[in-house]
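Have a look at the structure below before the remarks.
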Amino acid sequence: MNIKYSNGTVTPDDVIKFLSLTDQSDGIIRHVILYREAAKKAAELGLIIPDEDLQQYADNFRKMHGLIAAEDTYAFLSGKGLTEDDFEHFCEGALSIIRFKEHLSDKNKIEEYFVNNRSDFDRARISKIVVKDANLANEIIIQVSEEGEDFHALARRYSIDMATKYSGGYIGEISRKTLDQGAAAKVFNASQGDLLGPFERDGIFQLILIEEIKKAELGDNVIELIKERLFNDWFSQIIKEGFEISV
């Protein structure tokens, strides 16, 4: 396959070299390997993709790309140097990923993973004030805790974090991984309304107000996150030694 334009031709080798030198190749190569290995594993396990599912996936793809008539699809594929077989293999690969992901994450595996990693799925809604002076941080604590001042008003007055300053310091919902280990332990062991800190890092002092702590439950959102993790864990083993591009 070559890419032709008015003044010449670009080869696949040219594309790979450019992507590699601009640090764009790894993500694309990982995705190609993912499609190939998931399809291979699904076939080994006998995970059959019904024709109607394949047709539905292809129809959705065409709708998403505005390919209403069959002629539109042929022109789309031809313009990219692809055949109908290429398109069918792509759809099969995408559905293989879905089927194999479901195989890896049956009910028992999901429940076991949740029990062993429940805290990973806890969430907290927080607001923060960020200042450069320890004395000011401690003064704000006194104003909120002892004098009844409004934390969010003080955030708008004093915080140097421009991303949250004008929303009263409100960050929204976060996971444990959003914070460093020390702050995460305190935040997720706190209660609604608690004011924590100051947490110091590189001369910057942060105060955190706990708006809400949401302990994890095995609902639909968490189930989908666990499925994704189990699938990513499998794929990480496939490419644990990385990959290289050879001439």
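What follows is calculated from the coordinates using simple rules that are stated; it is not laboratory data. Quick caveat, the model's predicted, so the values are computed rather than measured. Using ideal geometry, Cβ is built from the backbone for each residue, glycine included, and neighbour counts are taken over all protein chains shown.
Before moving on, here are some points about what is shown:
- Counting Cα-Cα pairs of the chain in 5 Å increments starting at 0 gives whole-percent bin shares of 1, 5, 9, 10, 10, 10, 9, 10, 9, 9, 7, 5, 3, 1, 0.
- Assuming charge only on the beta carbon of Lys and Arg (+1) and of Asp and Glu (-1), the dipole of the chain about its Cα centre is about 400 debye to the nearest 20.
- Taking a sphere under 14 Å around the Cβ of residue 77 and counting the other residues whose Cβ falls inside, with K and R at +1 and D and E at -1, yields a net charge of -4.
- Cα centroid separation - region 211-247 against region 129-159, whole Å: 38
- The Rg/Rh ratio for region 58-109 is 1.17, where Rg is the radius of gyration of the alpha carbons and Rh is the Kirkwood radius.
- Whole-percent P(r), region 29-172, all Cα pairs, 10 Å bins from 0: 9, 22, 16, 13, 18, 15, 7, 0.
- Residue order, fewest to most surrounding Cβ atoms within 10 angstrom, among 74, 5, 158: 5, 74, 158
- Cβ crowding within 10 Å, taken as a proxy for footprinting-reagent exposure, orders 207, 218 from fewest neighbours to most as 218, 207.
- Dipole moment magnitude, nearest 20 debye, region 76-207 about Cα centre, only Lys, Arg, Asp, Glu C-beta charged: 220
- Ranked 178, 9, criterion: other C-beta atoms within 10 Å, fewest first: 9, 178
- Its Cα gyration tensor gives region 3-104 an equivalent ellipsoid; the semi-axes, largest first and in whole Å, are 28, 21, 10.
- Cα-based Rg of region 123-214 normalised by 2.2 N^0.38 Å, two decimals: 0.97
- Ranked by the mean number of other Cβ atoms within 10 Å of their residues, highest first, the peptides 138-144, 43-49 fall in the order 138-144, 43-49.
- Within region 3-104: Cβ-based charge dipole about Cα centre, in debye rounded to nearest 20 (Lys, Arg +1; Asp, Glu -1): 340
- Legend: calculated FRET efficiency, residue 229 to residue 54, from the Cβ-Cβ distance at R0 = 22 Å, rounded to 0.05, equals 0.20.
- The chain: relative contact order as a whole-number percent, Cα under 8 Å and 6+ apart: 19
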